Amino acid sequence: MIARLAAELGPWAWWVLGIVLLILEVLMPGVFLVWIGLAAIVTGALALLFWESAFWTWQVQWLLFAVLSLAAAIGGRRLVSARSRASDEPFLNQRGQSLVGRTATLEQPIREGRGRIRLDDTMWSVQGPDLPAGTRVRITQSNGRDLTVEAA
């Protein structure tokens with residue numbers, strides 16, 4: 001059925017494929033199908049020009065489509081990554097990293113390298129040299145949910 005439809009549509013089959021891919025991109029956004037859809041439309045435009053030519057076989061069309069799809073995907077990725085700007089909130093989803101440099105008071109003493117501090121409304125596990133409770137410490141590093149501290 002698909003082969004018959006493609007034969008009946010002729011060079012317009014590439015346009016239909018391109019539009020279907022662009023519609024799928026809208027339904028399932030991911031900025032990938034758009035590049036393949038554009039490659040299909042370009043192949044369709046070339047098919048309109050060369051449809052009657054002897055060299056324009058289905059193998060040539062599919063090879064051109066594959067090359068254009070790859071080139072469009074690579075070019076699109078570079079275009080999108082070049083446009084991405086540095087965030088004004090670089091530690092938005094990295095709360096531990098955003099705490100580096102802050103100071104706090106030890107809630108529980110650091111014994112055998114482990115203790116606890118309170119920052120804002122959260123208790124954090126800390127690692128560092130043994131220190132008594134009440135000591136001011138500076139956060140020097142974040143390792144997941146544990147913070148490394150030193151005396152301030």
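What follows draws every value from the coordinates through simple rules; no lab data is involved. Predicted, not measured: the structure shown is a model, and the values here were computed from it. Here the Cβ positions follow ideal geometry from the backbone for every residue, glycine too, while neighbour counts run over all protein chains shown.
If R0 is 22 Å, the Cβ-Cβ spacing of Arg102 and Ser81 corresponds to a FRET efficiency of close to 0.10.
When Kirkwood radius over Cα pairs in Å is computed from the coordinates, the matching label among (i) 15.6; (ii) 20.3; (iii) 17.8 is (ii). With the convex hull constructed from alpha-carbon coordinates only, segment 95-151 shows a mean projected area of 3.1 nm² over all directions.
Among Gly18, Gly37, Gly101, the largest mean-square fluctuation in a Gaussian network model of the chain (Cα springs under 10 Å) belongs to Gly101.
Once R0 is set to 41 Å, what does the formula 1/(1 + (r/R0)^6) return for the Cβ-Cβ distance between Leu119 and Val67, expressed as a FRET efficiency to the nearest 0.05? Once the sixth-power term is evaluated, E becomes 0.15. Of all complete DSSP H helices in the chain, those with a Cα span along the helix axis of 20 Å or greater and a mean Kyte-Doolittle hydropathy of -0.5 or more are 12-27, 33-50, 58-83.
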